[in-house]
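Read-outs: derived from the displayed coordinates by stated rules, not from any lab. Note that the structure is a prediction, hence the values are computed from the model and not measured. Neighbour counts run over all protein chains shown; Cβ positions are idealised from the backbone, glycine included.
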Amino acid sequence: MERPITSSRLIKTLLVLVALATAACHREVAMPPMPVHNIRFTDKFFDVWPTSPTRAFIVGDRGKVLLTEDGGKTFQRINIGVNLGIFGIQMTDDQNGFLCGQDGLIMRTRDGGKTWERLNSRTHLFIFGMSFTDRLHGFLVGDRALVMNTSNGGETFFKRQLDRQFPPEIADYALPYEEPVLYSTRFVDSDHGFVVGELGRIWATDNGGKSWNEQQQSLVSQWKRALGPNEDQRFADYILPTFFGVSFRDLKNGAACGLEGVVVQTGDGGKSWRFAHQAEKPGMPPDSLVPGTVVYPARDPLFSIDLFGGDQGISSGNTGTVLRLQGNGAWAHDPTVPSIPVQFSQVRFFDPQHGWIVGQGTILYTDDGGKTWRSCQG
């Protein structure tokens, strides 16, 4: 005979079931920590600045600043408090450095990169490149022919437009050529500096920026592309390829790179420039192509160039293009760099053995002069 369940027994039974269910819900389960990836394929890295053979800063889109102290085996992210793109960084010594970028961004560190303070640039124009000769003196370049310089470590900036002044009779025709973007600058010492940019601009100063002179005229006769029906002979030097990067080994020897995969070189401090020849592979003879002709092959743009050591040079660009300077003066495609079809924005060597290449979701490091490269995973 079944015994009826009293209401009190039913309540006790329900309480026991609830207690067991609650205990089951609160059982602790060990969950592994989610990995923190400082390097993602969606990252856009624009610049790298090594301060030792194994220590380097890498900067990029959305205010991203990374620091490695072990040759790219590990990275730490530095919060700079802004979410703007950073196009350039330079450390002038162990403690002092600067970075620049979108919306007139200029920031300074005085503690080796641990913290950064935003400076009053008095502009909202993009600042693409900079070159400091010491912690007090530096030049920055950017959109709309912008050139800025400081002589007090960024407390104040002097601004100007590095732009050709056209005579009144052709001013209306010159409108398409006014205020070209300036992308890169390199000061060899406190007096001698160079600026390159859009429409083949090359500017130089030998008095610390008090005055500037254009230097691209020597390239015009070498560039054999005919003027179009709407192009004016008076602006022939404005049909030269845009230059994105410039580097000088010393006061005499320099190089610049840019659109159409061109590299131009000087051996006399910029008094004259020449288009460099290229080779398909190291050891192959230079090509005999005439720059600017209609049969000139399509080449990926080059965004950065670095002359280092006594005679070495390297340039990087779109779709993973990397060129190395050969003993015969030609620039050859470097097969030692991993074939990664992404944009390589910047290449920079600390010394002849230790160097970096950064770009779209990519950081590469070499410690044997570029014989081998390691992809840093972060």
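Using R0 = 22 Å, the C-beta based FRET efficiency linking ASP250 and ASP368 works out to 0.35. Relative to the current alpha-carbon distance between ASP94 and GLN161, full extension at 0.36 nm per residue lengthens the span by 20.9 nm. Highest mean packing first, where packing is the average number of other Cβ atoms within 10 Å per residue, the peptides 253-262, 75-84, 361-370 line up as 253-262, 361-370, 75-84. Between GLY60 and PHE46, ILE86, the built amide H atoms are under 5 Å apart, and every one of these is 5 or more places off in sequence or on another chain.
Here the dipole of the chain is about 1420 debye; that uses its Cα centre as origin and unit charges on the Cβ of Lys and Arg (positive) and Asp and Glu (negative). If the segment from THR319 to GLU280 were pulled out straight at 0.36 nm per residue, it would be longer than the present Cα-Cα gap by 12.5 nm.
With neighbours defined as other Cβ atoms within 10 Å of a residue's Cβ, the residues CYS100, CYS376 order from fewest to most as CYS376, CYS100.
In a reduced charge model with +1 at each Lys and Arg Cβ and -1 at each Asp and Glu Cβ, the stretch 179-260 shows a dipole moment near 180 debye about its Cα centre.
In loop segments of the stretch 65-164 as defined by DSSP, the GluC sites (Glu not before Pro) with at most 13 further C-beta atoms inside 10 Å of their C-beta are GLU155. Please compute the Cα-Cα pair-distance distribution of the chain with 20 Å bins starting at 0, giving whole percents from short to long. Going out from 0 Å in 20 Å bins, the chain shows 27, 50, 11, 6, 5, 1 percent.
Along the axis of the charge dipole computed for the chain (Cβ charges of +1 for Lys and Arg, -1 for Asp and Glu, origin at the Cα centre), the listed residues ASN318, GLY329, THR42 are led at the positive end by THR42.
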